[in-house]
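Below: one structure, written as structure tokens.
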Amino acid sequence: MARVGEKLPGFIPSGFRGSIANYLGDIIDRNGNEIFDEMKTTLARKAKEELRLKELVEDKINSFDLEQLEDLIIRLSKQELKQIEVLGGVIGFFVGIVQAVISYYLF
């Protein structure tokens, strides 16, 4: 409430400042959640309209040199392919063990 009093113009008497600050505090206490939800919705809508993230990403990708883009894709692919390769090795190991156990007991 003190911050509200600080923001009010200096020509308002201090007694009125306290009353105004208390009144605004009561309004915020009663309607704060509704006001906050409305502001959140409005900000999200404006961000969607004004930021246009899709266009920003598209412009950034288009600004890359073809070699830079290719290098970026290859670096990302190597990481993913390495994980797939390791996972394939682990799965293959367990399948081999299961096959060995089955062939040992059945044949």
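State whether the residues of the range 33-42 include one that is in contact (Cβ under 8 Å) with a residue 12 or more places away in the chain and under 34 Å from the mean Cα position of the chain (by Cα).
No, the range 33-42 has no match at all.
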Counting only residues in the range 43-70 that are of a type in the set (Lys, Arg) and modelled with pLDDT of 80 or more, the one farthest from the chain's Cα centre (by Cα) is identified as LYS60
Please give the helices (runs of 4 or more DSSP H) falling wholly within the range 1-98 in which 2 or more residues are of a type in the set (Gly, Ala, Ser).
-> 2-7, 14-51
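The values are calculated or read from the model by the stated rules, or taken from the named source; none is laboratory data. None of the values given here were measured: they were computed from a predicted structure. Note: ideal-geometry Cβ built from the backbone for every residue, glycine included; neighbour counts use all protein chains shown.
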